[in-house]
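The values are calculated or read from the model by the stated rules, or taken from the named source; none is laboratory data. Quantities reported herein were computed from a predicted structural model and do not represent experimental measurements. Reconstructed Cβ throughout: ideal geometry from the backbone, glycine too, with neighbour counts over all protein chains shown.
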Amino acid sequence: MAFDFSLQTALIGTFFSAAILSATLFYLWRNAPAQQAERYWALAFATQALRITAQFGVSIGHDWLWFAVDLLFVLFTLFIWLGGRTLESRQTRLPLIAGLLVAALLWETLAGEIGLPFHLRTLPLYLVAGIILLLTSRTLFRLARRQPGIGYRGLAAIVGLLGLHYLDYPFLRNVPWFAPIGFGLAAILMLTMGIAMLIITQRRQQAELRQAMTRLGEELTARRESESRHQALVDELEEGVLVLAREGAVLSANPAAARMLGVPLEQLRTDGLGPRPYRLFRENGEPLEATDYPLPQVLSTGRASPSAIYRLEREDGSSLWISANAHPLFPAGGNVPYAAMVAFSDVSDRKAAERNLVDSELRFRSVFEGVADIAVQGYDRVGRLIYWNAASTRFYGYTKDEALGQPIEQLLIPPFDRPAFRQELAGTLASGTAPPPAEKQARTRDGSSLPVYSTQVLINNLQGEPEIYRIDIDTSTLKQLEHDLDDASERFRALSESSELGMVVTDENGNFVWCNPRYLSMIDSTMEEVLDGTWIMHLHRDERQPMRRNWRRAVASKTGFVTERRVINRDGSCQWGQVHVVPIRSREGIFRGFVATVEDITARKEAEEALRRSEAKFRATFDQAFQLIGLLDRNGILLDANRTALNLIRQPAEAVVGRHFADTPWWSDPGERERLNDAIRRAAAGESVHFEAVNIDADGRKHYVDFSLKPVIGPDGEIEMLIPEGHDITSLKQSQEALRISEARFAGAFHASLDYITISHLDTGLIIDVNEAFETITGWTRDEAIGRTSTDLGVWIEPGSRDEAMRQLARDGYLREYSMRLGTRSGTRIEALLNASIINAGDRQLLLGVVRDISKQKAAEESLRRSEEKFSRIVHYSPVALAITDVESGVLVDVNRAWQEFLGYTREQVIGRSSIEFGLWVDNADRENLYRRVAEANGELDRHEVRYRRADGQTVFGLISCRIFDVGGRACYLWAVTDITLRHRMEERMAALNTELEERVQLRTAELQRAQGELIRAEKLAALGSLVAGIAHELNTPIGNSVTVASTLHDKTQEFATQVADGTLRRSALNTYLESARTASDLLLRSLYQARSLVASFKQVAVDQTSDQRRRFDLAEVVGEVLTTLSPTLRKTPFAIDIDIPPGILMDSYPGPLGQVINNFVNNALLHAFDGRYNGTIRIRAEATADEQVTIIVADDGNGIPEEHHRRIFDPFFTTKLGQGGSGLGLNIVYNIVTRVLGGHIDVESHIGAGTTFVLKMPLHAPDAANDKTPLR
């Protein structure tokens, strides 16, 4: 077959590139075996090289190699997939991927056997392979996002292109002209992919190297820190540490070692131990040989020396006890120590403690030998007695000589307790802990049993052997006392249970710990309620707080108290008790708690209440009686007089009580006074006296009195006092005349009354007469009612109610506002009120009954009650804190639940008290101010801020509103309070933060102004440097020309002088010289004049820009002078300036600052507007307006300013060229000069790509600088 150069050449190139890449990747993998991705990729390119070899065979006619080509292609795709997944450290899913590729390969084989077209045969394989490569590309893209800078993104793009390329293989492979292109493209992609893999491998190695360097640096730092910490730890040790080299140099020593050796640390580290005469002695005082010292011994033997105690004698003769041990230090791999380390600690205190222990033991033995009532025995680990004091002899009968050396169990332990004793001894020795103290029975010499309280102490003697000391106290007396105490307790229990007094015992804090059954019945509580303190809830609610205060006061002062309290029983009855609390103190006067007795005084209280009511009833009867009543002693001295008697003479009781009754104003007539004195003598003798007297009242009117004087005989039969009684019968006499008129009037009132009135017999109830209202209300006529009873008529619906009314009438003689239900003829029922009284008509008693229909009133009252109940519920369940106070007294009438939660008070604490009384106000002046404002607003107030003090003492803030309203005929205020404490605190915090923020702002502003000033001065210096450079450049040309002309003229003059001296001067030469001199002088004058003009212009600009002096100037001239100084800078650029300022615009302003504005605009345009451009124009125009203003427009056709920067371009330090020549102050300086110095304002208009225009509008006459108050930006 003919050699196809183009296809085969592409295959050969692809083979070599794949082989080289495979070898390179294998090499990289062998150097870093952990990088499995390189291995898979090396295998992929090796497989690709084999595939290209097989493809080459196919191209030269070996068609049987097609299966090898496709199989190797499957392996190539699989290895690429494995490399990408391994690189991402994700599951390879090898079975799934391999299965898909193998299935596609089998399809291609089967399709080839049945003769399907090429594209149908190869499409599944290359489609699966392309998709797998695209998925690998996605994996690499994910890696690129997680690990930027490695190169994964480029490799991902190449693998993705290769995958897409494989998708066109089934359709274009058999196209003759495309096959070489396809293989060439695949070769290029694979070569590029291999190179990308090599780059990735190199970059990964570099990244790993950087990470390794970082870790190495961190490890070195950690090691240094560890060494530093180790050295610091060694320096902080209380134990001395010394490292000594073999040659004797001190390699390391800590401060504790220097301190114990008595030398400075630095001196010890530099000089070592050689010249210092330290000596070591054993505990027995024997000195150590130099070779036996721990450090030399360790260095010579190479073995560690055990810890031992020595006495160290220092250079100054002082000594201390040390515990030292030494260890050799070997070099790596060596067996000869290069140094030794010794660690030693100061045990002088321990040695002193051992000495003190010996002394303490001697004192211990002497103390217990002198104690008469404490028996002490000591025994060793086998129970053999080693100590026996004198008290032990008295307790147990054995002498010291008899006891020592004997087993303690044989002498003191009863036989039945000996096994337990041996077990206890073994446990003590094993655990190192003595058994706890306990009561025991000890055996005496005579075999009797002695109760003792035994305490055992385990100690180690100086030899380290355990010794146990048993300390026994005779408890036989204590047992007898306990027995006596039990008897006393039993007697106390019997007494407490049989006593009619309630008894309570408390601890030091007033907590109840015991009470007798009588107390439980008296407070209607259980023992659990008594012990947990809830018994107090059984007290009357008015007495719970006082009882708590009494107990708190008693606990605080450790004193008792006496009080009375009421218990509300479960059935609602009330029981009184008198509490007598006394403190309990020990014999030493130590306070132990309280004992309280409670006596049931309910009967006494009821008697006292009955007496009080009786006295009150007597006083009420005495004062309210229509008779004139008094009390006299046996001598006629007035002891008391009722109100009726005092009203007659219009005198207070103080004016007459204590005087003789005959000398009082009642008895102004001498004849009447004489009759009274006679009556007093007769009554004092036991006679009741009765006569009609005449008394004169305060107005001088005469009153006829039916007077009687009766003696009061006491239990002993003696007359105790006299009771004068008088009935004013003046009206009776007057009424007899008016009786007829009165009866007529009664009849008129009887029949005209709107209330129905009946007159009936008291005994039979038969009706004698009724008025017209009776007929109207009940429906029965007068004829039907007369002669019948109200019960017969059915007026009384409830017979029981009538019986109760008749009993009350019989008892009191009248009925007032008695509620009843009235029956009518029609069967309806009416709510009514009955008023009845008994009328004496001769020898008969009649009943006058007046009944009023109150059905409508009842309905109104029920409606009112429901309204009030609804209002009360609204008030009490409202989330707003509400309180009602009496307008007149200021006391609280009611508060709701929200008010109690807000202020922490209970209803019991505040109802009936004013807010001042329970300390609600932080400042009482706030309350006065509030009430004054409420009064000024006629009882209405909204959102007034107040300060309250809660019950726990915390201050809270509220907004209070008030309304006045009527409650049961009483004017009251309704207060609504909103808690604003949190808001108030936040406002206070915000105020503090604002103050702090203002201070910070002022401080930062001052700092920024200083920094801005420094930058502005730097800008000015930079401008000055630019100005100097421009001046130098501008003056260089005319001055250089002048120098050239002057030097030429000098040379011509030398030639002319030579000709004159030689005598060779001719007229033509003279004319030539004169012409040259004239030309030179003209040139010289023009150049120097130009230089002079430039210097003058520069001088004026320099004076203006370095001075804020005000003067009159022409705007066009100043702008021209400024632009002249900028001409050197502009000539170096391709940009131009176009000026359109008409002459004659005269300004009285500040030319220096104005020039700085123009200078900054031009420099800003050169730096920003024309950045990246090769041409551009700056246009400066100005025109005067009719309002004495001038408008200056500076425009450029440059890049423009982005819209988001418009609001910030005048801000200080804002620049887009930071670090590239921009300070961010140029336009800020312009803004401050225009607005503050020149008195104008500035606007800007800019668009991207269309340039920027600044419009300055300022007055022709600038304002005074002192009046400028425009803030800096």
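Report yes if some residue within region 384-401 is more than 59 Å from the chain's Cα centre (by Cα), at pLDDT below 80 and farther than 29 Å from residue 261 by Cβ; otherwise report no. So that I can check it myself, show each step before the final result.
So the first thing to find is which residues in region 384-401 are more than 59 Å from the chain's Cα centre (by Cα), and the list is 384-401.
Retained after the next criterion (residues that are at pLDDT below 80): none.
Checked against the condition, which is being more than 59 Å from the chain's Cα centre (by Cα), at pLDDT below 80 and farther than 29 Å from residue 261 by Cβ, region 384-401 yields no hits at all.
Can you pull out the residues in region 397-426 that are touching a Leu at 6+ places or on another chain (Cβ under 6 Å) and assigned to a helix (DSSP H, G or I)?
403, 408
What is the number of the single condition among (1) touching an Asp or Glu at 6+ places or on another chain (Cβ under 6 Å); (2) more than 19 Å from residue 325 (Cβ to Cβ) that residue 266 does not meet?
Among (1) touching an Asp or Glu at 6+ places or on another chain (Cβ under 6 Å); (2) more than 19 Å from residue 325 (Cβ to Cβ), residue 266 violates only (1).
Among the residues of region 885-896, count how many are surrounded by fewer than 18 Cβ atoms within 10 Å (Cβ to Cβ) and in contact with a Phe, Trp or Tyr (Cβ under 7 Å, 6 or more places away or on another chain).
Final tally of qualifying residues: 1.
It is to be established whether one or more residues within region 924-932 are farther than 15 Å from residue 885 by Cα, in contact (Cβ under 8 Å) with a residue 12 or more places away in the chain and out of contact with any Pro (no Cβ under 6 Å at 6 or more places or on another chain).
Checking region 924-932: at least one residue is farther than 15 Å from residue 885 by Cα, in contact (Cβ under 8 Å) with a residue 12 or more places away in the chain and out of contact with any Pro (no Cβ under 6 Å at 6 or more places or on another chain).
Across region 577-630, which residue is modelled with the lowest pLDDT among those that are assigned to a helix (DSSP H, G or I), touching a strand residue (DSSP E or B) at 6+ places or on another chain (Cβ under 7 Å) and of a type outside the set (Val, Ile, Thr)? I'd like the intermediate steps shown before the answer.
From region 577-630, those assigned to a helix (DSSP H, G or I) are 602-624; that's our starting set.
Narrowing further to those that are touching a strand residue (DSSP E or B) at 6+ places or on another chain (Cβ under 7 Å): 602, 605, 622.
Now narrow it down to the ones that are of a type outside the set (Val, Ile, Thr): 605, 622.
On the way: 605: 80, 622: 69.
Once the filter is applied, the top-ranked residue is 622.
Considering only region 883-892, I want to know if a residue exists there that is charged (D, E, K, R) and under 19 Å from residue 545 (Cα atoms).
Keep residues of region 883-892 that are charged (D, E, K, R), which gives 886, 888.
So of that shortlist, the ones also under 19 Å from residue 545 (Cα atoms) come out as none.
No, region 883-892 contains no residue that is charged (D, E, K, R) and under 19 Å from residue 545 (Cα atoms).
Does region 445-453 contain at least one residue that is β-branched (Val, Ile, Thr) and in contact with a Phe, Trp or Tyr (Cβ under 6 Å, 6 or more places away or on another chain)? Outline the logic, then answer.
Narrowing region 445-453 to residues β-branched (Val, Ile, Thr): 452.
Subset that is in contact with a Phe, Trp or Tyr (Cβ under 6 Å, 6 or more places away or on another chain): none.
Checking region 445-453: not a single residue is β-branched (Val, Ile, Thr) and in contact with a Phe, Trp or Tyr (Cβ under 6 Å, 6 or more places away or on another chain).
Consider region 935-951. How many of its residues are at pLDDT below 90 and not in a strand (DSSP E or B)?
Qualifying residue count, region 935-951: 7.
Can you report the number of residues in region 201-243 which are over 26 Å from residue 253 (Cβ atoms) and among the charged types (D, E, K, R)?
7
Are any residues in region 399-416 buried (at least 16 other Cβ atoms within 10 Å of the Cβ) and in contact with a helix residue (DSSP H, G or I) (Cβ under 9 Å, 6 or more places away or on another chain), and if so, which ones?
403, 408, 409, 411, 412, 413
Against the condition assigned by TED's automatic domain parsing to the domain that holds residue 1244, within 20 Å of residue 1233 (Cβ to Cβ) and more than 60 Å from the chain's Cα centre (by Cα), how does residue 1158 come out, does it pass? Spell out how you get there, then give the answer.
On the way: assigned by TED's automatic domain parsing to the domain that holds residue 1244: yes; within 20 Å of residue 1233 (Cβ to Cβ): yes; more than 60 Å from the chain's Cα centre (by Cα): no.
In short, no.
Starting from region 586-607, keep only residues that are at positive phi, then list their pairs with residues that are surrounded by fewer than 17 Cβ atoms within 10 Å (Cβ to Cβ) whose Cβ atoms are within a distance under 9 Å, requiring at least 6 positions of separation or different chains.
593/505; 593/507; 593/508; 593/509; 593/511; 593/513; 593/584
Suppose the filter is closer than 13 Å to residue 890 by Cα and either of a type in the set (D, E, K, R) or out of contact with any Asp or Glu (no Cβ under 8 Å at 6 or more places or on another chain) (or both); does residue 917 pass it?
yes
What is the one condition in (1) out of contact with any Lys or Arg (no Cβ under 7 Å at 6 or more places or on another chain); (2) buried (at least 19 other Cβ atoms within 10 Å of the Cβ) that residue 667 does not satisfy?
(1)
Name the pairs: first residue in region 512-537 and more than 13 Å from residue 567 (Cβ to Cβ) and without any contact (Cβ under 8 Å) to a residue 12 or more places away in the chain, second residue in a strand (DSSP E or B) and not basic (Lys, Arg), Cβ to Cβ under 6 Å, at least 6 apart or on different chains?
These pairs meet every condition: 514/505.
Criterion first (over 17 Å from residue 629 (Cβ atoms), part of a strand (DSSP E or B) and either in contact with a Pro (Cβ under 6 Å, 6 or more places away or on another chain) or not polar (S, T, N, Q) (or both)) does residue 694 satisfy it? Before you say what the answer is, go through the steps one by one.
On the way: over 17 Å from residue 629 (Cβ atoms): yes; part of a strand (DSSP E or B): yes; either in contact with a Pro (Cβ under 6 Å, 6 or more places away or on another chain) or not polar (S, T, N, Q) (or both): yes.
Here the answer is yes, as residue 694 does meet what is asked.
Would you call residue 242 within 54 Å of the chain's Cα centre (by Cα) and of a type in the set (A, V, I, L, M)?
Details: within 54 Å of the chain's Cα centre (by Cα): yes; of a type in the set (A, V, I, L, M): yes.
Judged against the criteria, residue 242 is a match.
Name the one entry in 847, 793, 809 that is surrounded by 14 or more Cβ atoms within 10 Å (Cβ to Cβ), modelled with pLDDT under 85 and either hydroxyl-bearing (Ser, Thr, Tyr) or within 15 Å of residue 771 (Cα to Cα) (or both).
847
Quick check on region 642-654. Is at least one of its residues outside any helix (DSSP H, G or I), surrounded by 13 or more Cβ atoms within 10 Å (Cβ to Cβ) and in contact with a strand residue (DSSP E or B) (Cβ under 6 Å, 6 or more places away or on another chain)? Give the steps one after another, and end with the answer.
Start the filter on region 642-654 by keeping residues that are outside any helix (DSSP H, G or I), which leaves 642, 650-652.
Adding the requirement that they be surrounded by 13 or more Cβ atoms within 10 Å (Cβ to Cβ) leaves 642, 651.
Still in the list and also in contact with a strand residue (DSSP E or B) (Cβ under 6 Å, 6 or more places away or on another chain): 642.
Yes, there is a match, as at least one residue in region 642-654 is outside any helix (DSSP H, G or I), surrounded by 13 or more Cβ atoms within 10 Å (Cβ to Cβ) and in contact with a strand residue (DSSP E or B) (Cβ under 6 Å, 6 or more places away or on another chain).
Restricting to region 234-259, name every residue that is in a helix (DSSP H, G or I) and exposed (fewer than 11 other Cβ atoms within 10 Å of the Cβ).
Narrowing region 234-259 to residues in a helix (DSSP H, G or I): 234-236, 255-259.
Once the filter is applied, which keeps residues that are in a helix (DSSP H, G or I) and exposed (fewer than 11 other Cβ atoms within 10 Å of the Cβ), region 234-259 yields only 236.
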